[in-house]
Amino acid sequence: MRKVFPVISRSLSHVCSLKPYKETKWLMPNGNPTGAYIYNCVADQKVPVILNDPHIATWYSCGPTVYDSAHIGHASCYVKLDIIQRIIKSFLNIKLVTAMGITDIDDKIIKKGLETKTHFQNIAKQYEHEFWLDMSSLNIEKPLIITRVSEHINSIESFVQKLIDTEMAYVTMDGSVYFDTTKYPSYGKLQRAQTEGEAANEEKRNKTDFALWKGHKPDEPSWNVKWGKGRPGWHIECSAMVSKVFGSQIDFHAGGIDLQFPHHENEEAQSCAYHNTRQWANYWIHVGHLHVKGDTKMSKSLKNTISIPELLKSHSADVFRMACLTSSYRYPMEYSSEVMKTAEEVLNKFKFFLKDAFIYVNNNAVSNGDYKDKILDDLQKIEEANIEALKNDFNTAVCINNLLTLVSNANKVIRLDTSEYYPVPIVLIAEYVTDMLTKFGLKLQESAQDSVLSNSLIDTLVEFRHTVRLNALSRKDKEVLQACDIVRDKMKKMKVQINDSNKTSSWVSVK
Ligand SMILES: [Zn+2]
């Protein structure tokens, strides 16, 4: 393994100047710096992303517990993680090996099975199937590796056995196994342990000790293991499955902010103990919650959830993704009609520009070959600024703003008199905008019901209206202009929004 120590560039030194790393419990990995910085809760600051292999990184996301339908809280978490994965792949040029664990054995799944007189595995299969359909409808890339607890009982058993053998864990009277947190001095490195820990249990030696294995109870599925009968605890599954796939260390480990404690804390503790290492996950990524406006938190028990199919009835996957792109992944995000309307307006600005650019390049004007260097300079500056923003903790909001500025300047050029015609820079900007947005996972497609025929009919109508309108404008014919406005309003009701200018009329379909 080649060891390269990172050089912190002057321009990014501000992002990691809070405190020296040696004062935190985060250990800077040896390896190849990517030039990117990411917030890490163990260091409580942004830290440089350094990979063992310069071109390959490993990633694990804690997946859902499959006992019910996913809601928009899950949607925002997994869309934001999908955006970060796409940035690592497309902008840092790293091959990312992604894995996700599915919790298909759990109290809630067993409870639902008993309530509905259905085998717990059927409950899990049904909701896992639904989960992947929901993820696909949001254009989230499927992980390369999917691990299910029920398929990894052997790995979990040998993981727990080793912790018992090394006296990091102990077996209780009821056949449960607990991790002894007093034997792991760094316990609380992600987030200081709260004394409530898990539910009170007389058999636990310390309040923060947590169950690796739950002793058998009647009516519950169970597996025979060396120390008795029972089923895995929640935290152990991710550690055992990650270790089976990736070995003793992982680059990125992600999940919602609610998993930071105790779930990820416990994962790190038991994995470091198992592998006899000081750091198991080098980079923890936690996504902030989605709040429905007016509510403090969305949860099944509060009955204030919105399912993913419900979300997609009122907003396209692209609009929802744009709302995610314009917020910071680490902080809470509000879900409201205003937030979604703003996201749709931003998306439409890009769609209108791309259509206008297409019409502009294909119009009858003749270029004198001038590239209008000022626009090309601006394009280059924005390309560089966007890379810097993405390398600074995946700041997509800055990128979207930069792209809007670029589009606004390009629109001014498009609207110049035909004697000043600059197709080359406009094509380059349109190409760059399309490239960036598709790399962020936007589809930029019209809705599925639009056929080629209806598109060309709308094109014809919009062109005809544009010609009529320009004539009416030059003649100051109010009646015809009014008729044009009526056509525009009627088309908006049919979900076709027309954008008028003196040079072109373009349209986009809207929800
Ligand atoms: Zn997990």
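The values are calculated or read from the model by the stated rules, or taken from the named source; none is laboratory data. The structure presented is a predicted model; accordingly, all values stated were derived computationally and were not measured. All Cβ positions, glycine included, derive from the backbone under ideal geometry; neighbour counts span all protein chains shown. For the accessible areas, the whole protein counts, side chains as well, though only heavy atoms, and no ligand, DNA or RNA atoms are used. Shrake-Rupley method; radii C 1.70, N 1.55, O 1.52, S 1.80 Å.
Structure above, values below:
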| item | result |
| --- | --- |
| Portion, in percent, of the accessible area of segment 449-511 that falls on carbon or sulfur, probe 1.4 Å | 57 percent |
| For the chain, calculated [θ]222 nm from helices alone, where every DSSP H run of n ≥ 4 adds -39500 (n - 2.57) | -14000 deg cm²/dmol |
| Using θ = phi - 60° and Karplus 6.51 cos²θ - 1.76 cosθ + 1.60, couplings along segment 259-265 (whole Hz; Gly, Pro as x) | 8, 4, 9, x, 4, 6, 4 |
| Dipole of the chain, positive direction: furthest Cα of His129, Tyr184, Asn362, with charges on the beta-carbon | Asn362 |
| Share of carbon and sulfur in the accessible heavy-atom surface of segment 315-445 [1.4 Å probe, %] | 53 percent |
| Electrostatic dipole magnitude of segment 394-507 [Cβ: Lys, Arg +1; Asp, Glu -1; Cα centre; debye, to 20] | 360 debye |
| Only Lys, Arg (+1) and Asp, Glu (-1) charged, at Cβ; the chain dipole about Cα centre in debye | 380 debye |
| Trypsin sites (Lys or Arg not before Pro) restricted to segment 88-179 and DSSP loop, no more than 11 other C-beta within 10 Å | Lys117 |
| Chymotrypsin sites (Phe, Trp or Tyr not before Pro) within segment 360-433, DSSP loop, no more than 14 other Cβ atoms inside 10 Å | Tyr371 |
| Sites excluded, GluC sites (Glu not before Pro) in DSSP loops with at most 13 other C-beta within 10 Å, longest stretch of the chain | 203-419 |
| Rounded to 5, percent antiparallel among DSSP beta bridges of the chain | 50 percent |
| 5 angstrom amide H check on Glu220, placed H, neighbours 5+ away | none |
| Residue-normalised accessible area of the chain, given per residue in Å² at a 1.4 Å probe | 49 Å² |
